[in-house]
Structures are given as C-alpha cells and as structure tokens.
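Notes to accompany the following structure.
Nothing in this text is a laboratory measurement; each read-out follows from the coordinates by a stated rule. Quick caveat: nothing in here was measured; it's all calculated off a predicted structure. Quick reminder, even Gly has a Cβ in these numbers, built from the backbone with ideal geometry, and neighbours come from all protein chains shown.
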Amino acid sequence: MRKSRGFDGELIIEIPKVATSHCEQLPLISHLFISRMGYYPKALHHYYQRPNGISQAILLYCTDGQGWIELGGNQLHVRAGEVILLPTELPHAYGADTQNPWSIYWMHIAGDHSDAAVAAVMDRDGEPARAVHVGFSDERNALFTHIASTLLKGYSASNLLQANLALPHYLSSFIAPEHFGAQKPSAGAGSPTEKAILYMQENLSNSLSLDNIARSVNLSVSFFSRRFKKDTGYAPIEYFNYLRIQKACQLLHFSTWRINEVASAIGIDDPFYFSRLFKQQMGLSPAHYRKNKDIPRQ
C-alpha cells in the first residue's frame with residue numbers, strides 16, 4: 001500500500017527491466033545495483049506500507065525534517081542527518097512526520113550483496129535496529145546526483161557500470177562519514193555523444209529524427225550513428241526512446257495527466273505506439289505502471 005502526493009522538486013528514476021537484467025549479467029555490478037532511486041523534498045503525506053517487505057534493500061537518508069519507520073510493531077524516529085537501510089523481505093511501514101515532513105534521498109538496492117550492504121551501514125554491535133547518525137555532506141549528495149544524472153542519460157553498459165560502480169562509494173559515505181567533505185565540481189559534456197545526449201534530454205517533448213540529432217553535433221548521419229553506437233551500445237533513436245520513457249515514468253508517477261497527455265508530452269502523438277514502446281521497456285503498460293507504481297520492478 002502507498003499513500004503519497006507529488007512533491008515540488010521531486011525525482012524518481014525507474015530502471016527498466018531490460019536494464020536491471022543487463023546489470024545481472026555484468027560481473028562488476030551483478031551483486032549490487034540500483035533498481036529505483038529518487039529524492040522527495042518536504043514530502044508531506046509520504047507513506048508506504050509493505051506487509052511482506054520487498055526483494056530489494058531500501059535506503060532512506062533524511063536531510064531535513066523527520067519521519068518514522070515501523071518494524072516488528074516498533075516505531076523508530078528518523079531525523080535530519082540520519083540514514084537507515086531496510087533488509088530484503090522485511091515487513092515495514094514508513095512515512096513523513098505530519099508537522100515537520102522529511103526530505104529524503106532513497107534507493108532500492110538489488111543483487112545478492114544487498115543485505116551485506118545493509119549490514120555494513122547499519123552495524124550497531126548487536127544493538128536494536130535504529131537510524132544511524134551520519135550528518136551532512138556535499139560530497140555525498142554530489143555522488144547521489146552523479147549516479148542519478150548518469151542513469152538519466154540512458155542504460156548503456158557504460159552508464160550502468162558508471163552509476164552502479166559509484167554505489168559502493170556512496171554507501172561508504174554512510175559507513176565512514178568522517179572521510180566525506182565538500183562537493184567537487186563535475187566536468188561538462190564534451191564529446192559529440194555527450195552533446196547529443198544533452199540535446200536529446202532538452203528535446204524530450206519533440207519528435208526527433210536521426211538527422212535532427214546528427215545535425216545538432218555537426219556530424220553526418222552515418223558517422224554520428226557509428227560513433228554513438230560505439231560509445232553507448234545503442235542506436236541514437238533507441239537511446240532517445242529510453243530517455244523518453246524514463247520521462248514518461250516520472251509523469252505517470254507524479255502527475256494526474258491522462259495516458260495520451262503523457263505520450264504527447266514526450267513527443268508521441270499515437271497513444272497506442274506509446275503504450276507498446278512503454279511496455280517493451282518497462283514490462284507493463286502505462287496504465288498498469290500507474291496503478292502499481294509503488295511496486296518495485298526487478
């Protein structure tokens with residue numbers, strides 16, 4: 001069960017089934033990878049209840065306000081500067097405080113090392129489960145942003161590796177918070193492929209052609225297609241469609257727009273084509289995704 005509303009400034013990233021299946025086949029990340037992630041600021045009315053738990057570990061890092069978590073009939077308070085990781089298959093409920101709602105960074109972490117990650121972060125020498133105080137860190141938040149921005153660029157093997165190889169580093173910021181300091185500036189996009197991806201992200205509401213994208217980086221269609229496929233593992237339009245469906249997931253999750261309105265917002269005028277494309281990537285129709293948006297997908 002889930003009860004929540006949209007939050008100003010929120011972020012949610014749903015990793016398509018094809019991409020999580022790819023993670024399972026990549027030896028460097030097959031044991032520990034992200035299946036969903038997001039950020040909810042001032043998340044009034046945020047509430048989840050999962051009587052049987054789920055098959056992923058859940059990380060909740062509170063940076064403002066406060067909330068609560070119920071485990072085994074006991075309610076724990078989670079305050080700003082605290083983190084808690086819930087192991088797989090553990091029945092739980094959690095939600096924002098009604099007077100001072102939390103802002104949280106969160107992740108669902110899959111793979112057969114996910115419970116080991118929980119144990120590493122939550123090790124309290126046999127003490128009862130409780131949130132761990134880790135304080136605040138610009139570097140930690142920059143890592144989260146790096147992971148999210150990488151996944152928002154698409155699901156090539158290189159992006160999946162880049163994002164999920166950063167996951168242990170992100171988790172280490174909770175294990176040894178004293179080692180994390182100020183945020184480091186990130187480099188801007190430079191290569192034709194990076195510039196093309198940025199152009200795609202800025203034009204998700206338009207129906208781009210291969211020629212449009214190639215011209216945006218001043219390359220011929222044939223040369224650009226070969227270069228893009230070499231860099232990402234995907235054809236340009238295939239990659240663009242992954243970005244569009246990711247945007248559609250966010251609109252379905254946070255807006256009340258009708259399915260055809262969501263399709264139009266990502267530049268697809270045919271709702272039937274949109275539904276086929278969405279199901280191909282996410283494993284279920286847009287309507288079923290919206291109905292079951294609280295259920296994490298492997």
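Quick check on segment 1-150: take the gyration tensor over C-alpha atoms, sort the square-rooted eigenvalues as a ≥ b ≥ c, and tell me if it's rounded (a/c under 1.5), prolate or oblate. Verdict is rounded for segment 1-150. Calculated mean residue ellipticity, 222 nm, the chain: -13000 deg cm²/dmol, from DSSP H runs (n ≥ 4) at -39500 (n - 2.57) each, averaged per residue and rounded to 500. Close amide H pairs (under 5 Å, H built 1.01 Å from N) link GLY53 with HIS92, residues at least 5 positions away or on another chain. Here the contact order of the chain, divided by its residue count and restricted to Cα pairs under 8 Å and six or more residues apart, works out to 18 percent. Restricting the GluC sites (Glu not before Pro) of segment 1-104 to loop positions (DSSP other than H, G, I, E, B) with no more than 14 neighbouring Cβ atoms within 10 Å leaves GLU89. Comparing mean-square fluctuations of ALA287, ALA166, ALA80 from a GNM of the chain with C-alpha springs under 10 Å, the top value falls on ALA287.
Over the C-alpha atoms of the chain, the Rg to Rh ratio, Rh being the Kirkwood estimate, stands at 0.97. Taking Lys and Arg as +1 and Asp and Glu as -1, the other residues whose beta-carbon sits under 10 Å from that of LEU251 total +1. Simple spin-label estimate for THR98 and ILE237 gives 5.3 nm between the two label positions (7 Å along the Cα-to-Cβ direction from each Cα).
By the gyration tensor of its Cα atoms, with a ≥ b ≥ c the square roots of the eigenvalues, what is the shape of segment 192-291: rounded for a/c under 1.5, prolate for a/b over b/c, or oblate? Prolate shape, in that a/c is at least 1.5 and a/b is the bigger ratio.
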